[in-house]
């Protein structure tokens, strides 16, 4: 994922989601719903996490297809159906 610099000079250690932006040096989580090609009813969500600078949710979504393609190369039996972006760590892992 392309790394963006912060145009407003914010602290690069800031990790808050504010005003529609993932603030500087935030870990961004790309959640991809994938289904098995041989059994389309068998689906699961996978999480791809990246460090990014000052990325809006829309920019994250626009940059996602190449990242999903990279993942798909290593997992040829699965196909991506949909995806979304969010700040990493919002949902507890159980």
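The values are calculated or read from the model by the stated rules, or taken from the named source; none is laboratory data. What you see is a predicted model, and the numbers here were worked out from it, not measured in a lab. Don't worry about glycine lacking a Cβ; one is built from the backbone with ideal geometry, like all the others, and counts go over all protein chains shown.
The residue that is modelled with the lowest pLDDT, among those in region 17-36 that are assigned to a loop (DSSP other than H, G, I, E, B) and touching a strand residue (DSSP E or B) at 6+ places or on another chain (Cβ under 8 Å), is 23.
Among (1) crowded, with 17+ Cβ neighbours inside 10 Å; (2) at pLDDT 60 or above, which single condition is residue 72 missing? It fails just one condition, (1).
The residue list 11, 39, 77 contains one member that is over 11 Å from the mean Cα position of the chain (by Cα) and at pLDDT below 75, which is 11. Going residue by residue through region 48-58, is there one that turns out to be modelled with pLDDT of 85 or more and not in a loop (DSSP other than H, G, I, E, B)? Scanning region 48-58 turns up at least one residue that is modelled with pLDDT of 85 or more and not in a loop (DSSP other than H, G, I, E, B).
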